[in-house]
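Asker: Before I ask anything, here is the structure I am working with.
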Amino acid sequence: MNILDDLKLQYKLGGITNKLIYWNVACFLVSLLFFYEFSAGSFNFPTWIALSTEPSNFILKPWTFLTYSFFHDGFWHLLFNMVVLNFSSSLFLTFFTEKQLLGLYILSAIFAGIAFVTGYFILNLSASIVGASAAIMGVLVAVTTYQPLMNVRLLLIGNVKLWHISAVILILDLMQFRLDNTGGHISHLSGALFGFIYIKLLQNGTDLSKVISVITAFFASSFKKQASTPFKKVHKNYSRPVEKRASKIVTKDKAQQQIDEILDKISKSGYDSLTKEEKEFLFKAGK
């Protein structure tokens, strides 16, 4: 099994956090190929990806209220965001589902994008933005709102309360609000606000992440081709190879049993604990 097959298998077996990280990294690699200007040493994202405050752009390209949250303007920007995403998502999934995590990520990005455009309109400024920070802040503040006193161990620091981490990040955003990257700070604070609102509504019985499920189901049903059901003549086969059929079932059960044992091993010791033969078997079974 080569590295590419290994990555594919990890993507299939990984949860939504793993997939979000993969999507962000993939978008960064694509942007390096197509949007990075080596002469200038910076990215030049097109208006159909980055979220622009120009009405002529975001009105005609409403999808940019989401696409901007999967692209980054530098390696360190990407790395820091993915570290925080992995940290905050693992805490969030302790209490909530993967569907709720995905819904919160998407809705936080959209809410923060609207706040960014509105804020710059009020300030009479024009700019564009990329980055997953706003969506990640939504996840971090959401779990902080739900369990603010949770103990978290940080490298070189030790145990701290979860709300201490969120408070430090938010205070830094407020302190730098008028210094530089005003649009970024607006989106960060807006994403954090949405995370707080999301949890409060969820505690009152309103799960906003279901909006994403409804929208996804709507588009899936809209684009799904209607299955035709033509009349088919059925031929009955009265010779029933019982023994052959039974052997197939036994073979299938053995394969399923081996898959279950491998998945159980992953859950206990992690994917890296698998042997080369187990990885290859699981990859073939996934196909």
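The values are calculated or read from the model by the stated rules, or taken from the named source; none is laboratory data. Keep in mind that what you see is a predicted model, and the values were worked out from it rather than measured. Cβ sites come from the backbone with ideal geometry, for glycine too, and all protein chains shown count toward neighbours.
Asker: Might you let me know whether the range 27-40 holds any residue that is closer than 27 Å to residue 118 by Cα and part of a loop (DSSP other than H, G, I, E, B)?
Answerer: Yes, the range 27-40 contains at least one residue that is closer than 27 Å to residue 118 by Cα and part of a loop (DSSP other than H, G, I, E, B).
Asker: Would you please name the residue that is surrounded by the most Cβ atoms within 10 Å (Cβ to Cβ), looking only at residues in the range 161-193 that are under 23 Å from residue 104 (Cβ atoms) and β-branched (Val, Ile, Thr)?
Answerer: 186
Asker: Looking only at the range 64-83, decide whether some residue is in contact with a Gly (Cβ under 6 Å, 6 or more places away or on another chain) and part of a strand (DSSP E or B).
Answerer: Checked against the condition, which is being in contact with a Gly (Cβ under 6 Å, 6 or more places away or on another chain) and part of a strand (DSSP E or B), the range 64-83 yields no hits at all.
Asker: Being assigned to a helix (DSSP H, G or I) and hydroxyl-bearing (Ser, Thr, Tyr) is the filter; apply it to the range 117-157 and report the residue that is nearest to residue 95 (Cα to Cα).
Answerer: Checking each candidate, the answer is 146.
Asker: Now, a different point. Among residues belonging to the range 39-64 that are aromatic (Phe, Trp, Tyr) and surrounded by 15 or more Cβ atoms within 10 Å (Cβ to Cβ), point out the one that is nearest to residue 109 (Cα to Cα). Working first, answer last.
Answerer: Filtering the range 39-64 for residues aromatic (Phe, Trp, Tyr) gives 43, 45, 48, 58, 63.
With the extra rule that they be surrounded by 15 or more Cβ atoms within 10 Å (Cβ to Cβ), the set shrinks to 43, 45, 58.
Values: 43: 21, 45: 18, 58: 14 Å.
Here the residue is 58.
Asker: Further, regarding this structure: Pick from 128, 133: which is among the polar types (S, T, N, Q), crowded, with 21+ Cβ neighbours inside 10 Å, assigned by TED's automatic domain parsing to the domain that holds residue 48 and under 22 Å from residue 79 (Cα atoms)? Before you say what the answer is, go through the steps one by one.
Answerer: Numbers: 128 fails: crowded, with 21+ Cβ neighbours inside 10 Å.
Answer to the selection: 133.
Asker: If you don't mind, another one. Is it fair to say residue 164 is more than 23 Å from the chain's Cα centre (by Cα), in a helix (DSSP H, G or I) and either free of Cβ contacts under 8 Å to residues at least 24 places away in the same chain or assigned by TED's automatic domain parsing to the domain that holds residue 91 (or both)? It would help to see each step written out before you state the result.
Answerer: Values: more than 23 Å from the chain's Cα centre (by Cα): yes; in a helix (DSSP H, G or I): yes; either free of Cβ contacts under 8 Å to residues at least 24 places away in the same chain or assigned by TED's automatic domain parsing to the domain that holds residue 91 (or both): yes.
Criteria met by residue 164.
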